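Structure first, commentary second.
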């Protein structure tokens, strides 16, 4: 090869190399507003990625509950979540989400737009689209398509950004800059959006399929969920109570009532109706009265529709031997069963007995019981009991000042009131007794008034009939 040919070949290689470098630099610099984002080509396993989903609730960006199925009856509400990523330009977001629905014959039966307008440091946008299924839509397969349009006029925004030093103190200028209008005629701050016909589609979501079915249920099959059935304790001695707890939750957007049935040895012995707020739960409790010795089957069930997790089964073992064996493994557990006050009203410095009925649900041992009055510790006593043994603990209380006093037992909901008054108890009359006495004095007068009114009505009725 001649020297000239070698030089030409070298120049050609050098030119190709320079052109390739230029193209690489150009492609690396195409970022920001003018970049075209083809989200449909993003690998599905790479997160985050734009989503179009059938949902039942939306709490925020990427925070939603997927709908339990894809079937809707006429009159029910279709809810769709869609989002777009990296759509902020100099803190401005102006995205229009367009939703198209096609019927089983391919006709467009719905076209709606959801506008998102924000100023801030968020970089992503999302929209929630709701559509009530019309009564005249036929049963069959429907398709929903979604498009996202980035409508920000980036050039206009940059003009404001770069010329801010010439407009310091110009209130009208900055009012236009920050004001967001939802009205499409003016849209976002003084023309900061392009017309939708001139805006670019940044995303064409993959379509979603759903079905219109007149027999579809409005609620999910697991609207109410039962779980975590517990019997406390699972082994008891004859003559001892036990307690049952079961968790009930509402998994839907609407509040609702659910019936809870307790079946004991194939007999329904108790029931309760629980009202649950949307996405809430409640622990339902039943008291199982003392039972005869043996194993007893307990079942929790519900006749309420759209309920899952039932029936739940458990076994209650009633056995003195097993209970004593179990109690030896349990710590001493002194519990207060009741609180009683012998008098409603006492005199200043008069002794008032306050009685607590306590029981030991654990192994034999000693525990402490105490009372509080008006939220302050009043007295405490130690008590020693065997397994399932019950006793009454009495506190003698005296108060030097008149007033109303509330007795409570820490760790329980037990509460009682008593009153301290001036004067001897023989001469003093309790508030309750006074009210009863007063009502007894007033009863005859009420009867007299009622009888008089009845007589007047009869007289006027007789006169009216006579004149006809």
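Points worth noting:
- With the highest mean first, a sort of the peptides 100-113, 335-348 on other beta-carbon atoms found within 10 angstrom per residue produces 335-348, 100-113.
- Here the gap between residue 406 and residue 330, fully extended at 0.36 nm per residue and compared with their Cα-Cα distance, gives a gain of 24.0 nm.
- Prolate/oblate/rounded label for the range 256-414 (Cα gyration tensor, a/c 1.5): oblate
- In this simple spin-label approximation, residue 275 and residue 53 carry label points 7 Å from Cα along the Cα→Cβ vector, and these lie 3.2 nm apart.
- Cα→Cβ-extended label distance, 7 Å offset, between residue 218 and residue 245, nm: 3.4
- Spin-label proximity, residue 308 to the range 200-235 - amide N less than 16 Å from point 7 Å beyond Cα toward beta carbon: 217-228
- Extension reserve of the residue 111-residue 394 stretch, reckoned as 0.36 nm per residue once the Cα distance is removed: 94.2 nm
- Extension reserve of the residue 141-residue 102 stretch, reckoned as 0.36 nm per residue once the Cα distance is removed: 13.2 nm
Since every read-out is calculated from the coordinates, none of them should be taken as a lab result. Just so it is clear, the model here is predicted, and its values are computed rather than measured. Glycine gets a Cβ as well: all are built from the backbone with ideal geometry, and neighbour counts include every protein chain shown.
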